[in-house]
1. Cα extents of the range 463-517 along the three principal axes, largest first, in whole Å?
2. Need the full-extension length gain, GLU374 to ASN539, defined as separation in residues times 0.36 nm minus the C-alpha distance. One decimal, nm.
3. What is the extension gain from ASN629 to ILE565, computed as 0.36 nm multiplied by their sequence separation minus the C-alpha to C-alpha distance, in nm to one decimal?
4. Could you order TYR227, TYR177 by accessible surface area, starting with the largest, using a probe radius of 1.4 Å?
5. Tally Lys/Arg at +1 and Asp/Glu at -1 over every other residue whose Cβ is under 15 Å from the Cβ of SER33; what's the total?
6. MET342: net charge of surrounding residues, Cβ under 14 Å, Lys/Arg +1, Asp/Glu -1, itself excluded?
7. Tell me the mean residue ellipticity at 222 nm calculated for the chain from its helices only (DSSP H runs of n ≥ 4, each -39500 (n - 2.57), averaged over every residue, nearest 500).
8. Restricting the calculation to Cα positions, tell me the Rg (one decimal) and the Dmax (whole number) of the range 665-731 in Å.
Amino acid sequence: MNKILSVIFSFVLLSCVNQNDKKEILYKNPQISVEKRVSDLLSKMTLEEKVLQLNQYTLGTNNNVNNIGEIIDKIPDNIGSLIYFDSDPSLRNKVQKKAVEESRLGIPILFGYDVIHGYRTIYPISLAQACSWNPDLVKKACSVAAVEARASGVDWTFSPMIDVARDGRWGRVAEGYGEDPYANAVFGVASVKGYQGDDLTDTKHIASCLKHYVGYSASEAGMDYVYSEVSRQSLWNVYLPPYEAGVKAGAVTLMSSFNDISGIPGSANHYTLTKILKEKWQHKGFVVSDWGAVKQLRSQGCAADNKEAALKAFNAGVEMDMVDRCYTDHLAELVKEGAVTMDKIDDAVSRVLRLKFQLGLFENPYTEEIPETERYLQSEDISIAQWLAEESIVLLKNDETLPLKKNTKIAVIGPMAKSRVHQLGSWSAHGKEEDVISIYDGLKENLSVSSNLLYAMGCDFEGDDKSGFAEALAVAKKANVIILCLGEKKEWSGENASRSTLALPQIQEDLLLKLSKTGKKIVLVLSNGRPIELCRIENECSAIVEAWQPGIAAGKAVANVLTGIVNPSGKLAITFPYSTGQIPIYYNRRQSARPNQGKYQDIQSEPMYEFGHGLSYTSFKYGEMKVSNTEFTSDELIHVEIDVQNTGNMDGAEVVQLFISDPVCTYSRPVKELKKFDKKFIKKGDRHVFQFEINPHTDLAYYDEEGNPLLEEGDFYLMIKDQKVKIKMIR
Ligand code: NOJ
């Protein structure tokens, strides 16, 4: 009898084991759909294992001063994600091995990092990229970053930042695509596509993260981490559109923001995180909090302790807690107390696991350890960085001084002239100073007779030491043209890098004013991460070149523009105020009650340089704007075209921007709204017909407070440059 029982027992046991085996095979089997694998794996996980998947710790030495966190030595082998500060894949592989081979279920870790404008091959900051008006090129650059990052052990970047930013004092203005919602949407999408490609299992791509959801750039007074006042109408019409576009383009994750949105923090905001993102837009990926943003709900006065912070963030829709351990410490307890439901935990974990399957991490958890020389700075990639830098440069002013004439004696002066590190800009990942070509070196390479090039630093970026002025003056006097390279240190923009003024430090302005006394032509070359207040110095310059922070190819790109090898084609994606006191100033402001009054008494009310401003070495003649139908119904497309001829003496690219306006509507709408743009290279003497399609539903509608598009009959205007055509929507 005992024998029979034991046989039956072994049979039951065996069939259980077999079933378990079968179950295990299910989620490990790449032939099965991702959704089936997710639910199979989920069914095998304990609550504690699930909670760990919702946490992100760090690995390696943190190189961002603002992310003050502990470097932890004991990483749980079933942690969801790590921020990977190292660039050596072997450290990743070691930690991954523990997760995959030693943890109970073998769930691979997701490694994230801030790859913002390049990993090692650093290309221009995002604000500059937007001035290129070339999304295809931005996409290319992002795919270079993806290749380098993935080869170094990074699966996921915290980029793009698509926060519509209109206050240059805010240091993070450098990280986004400027002041316009549509531009942020288009460049955000380009960047998502560049990072993610069509297939995340392809180890040339990485997952992207739209950030900082949402309204972070509305931080008051240009300060960082502070409150923001965002009306529902601005939320829907200004801040959300780039996110909606990014979600539609397939961005797999988003990062919740530090700011509050009119009183409810972005990281505890059920309306934006769940109602809009998960319910209305049906996003299937996950939301990671910003660094410490869960815990910071306490400082924001929304949670009494870490437990309440975890509860609020999680129930609002933040699936992963970046570094602050509120979820590790409290989520399981909150489930046991019934404050958080198991369904919500399962939904959150599914979202994280889904991405791990999509990235192919279960099949391919390790990074091939190839030498750095094969991973970074491939010549084709450097060319893309240079090309983007060239297209991002904006020629702000030119009194027939540029391009430089042959055999001109040039004095290169200023703290930025030989600087390499500051050309990298903020968030320069693993970019290195030695990879950068300085403006001085770029010019030296371009000018055949290098003896024509004189140099003096003149002064430092800040401080009051004018001892270098005399040498700068002496050098300037020997030259025909002064190339004065001024700007901002890389630390002056980025996170926690607000400034009270957009002006350059006094010492830099003083140097320029001193040099102007020589009567020599001054070409001001600016490298910076925000618009600069130029009112005291603009008149003294014969030409102004806005180079932004162009990355490793800075010197080559600037030299090519100065010498005319490249014809500048960049146009501003952000307004340059006349003075900091004009902030907020942006082109798409709402209509004023008295358009001709309400001006400043002490200064001009117009900006120094408008959104869209940018000169070329050639001239373009615009033909008459042609509109297919000036009366239309809501379902009819409107075709717009305009002929542009290159009438100058040089080949060049032109950007055409199409704006709309709705003069009378339920809401007071902006005076102008960008809806389309295109950039084309036109040889001298040639012409190009730019064509655009306006869809009333997407291009003419405005959102109400609940995000319903409002399309009202009546007049609209279509605008290209100074042309304006009235169109009418009829029933
Ligand atoms: C804080 C920043 O706000 C965010 O942009 C960044 O991605 C995270 N830290 C991670 O470094």
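The values are calculated or read from the model by the stated rules, or taken from the named source; none is laboratory data. Please read these numbers as outputs of a predicted model, since none were measured by experiment. Here the Cβ is made from the backbone with ideal geometry for all residues, glycine too, and neighbour counts use every protein chain on show. SASA here: full protein model, heavy atoms, side chains in, ligands and nucleic acids out. Shrake-Rupley method; radii C 1.70, N 1.55, O 1.52, S 1.80 Å.
1. Result for the range 463-517: principal-axis Cα extents of 42, 21, 15 Å.
2. Length difference between fully extended and current span is 54.6 nm.
3. 18.8 nm
4. TYR227, TYR177
5. +3
6. -4
7. -8500 deg cm²/dmol
8. In order Rg, Dmax, the Cα atoms of the range 665-731 give 15.2, 50 Å.
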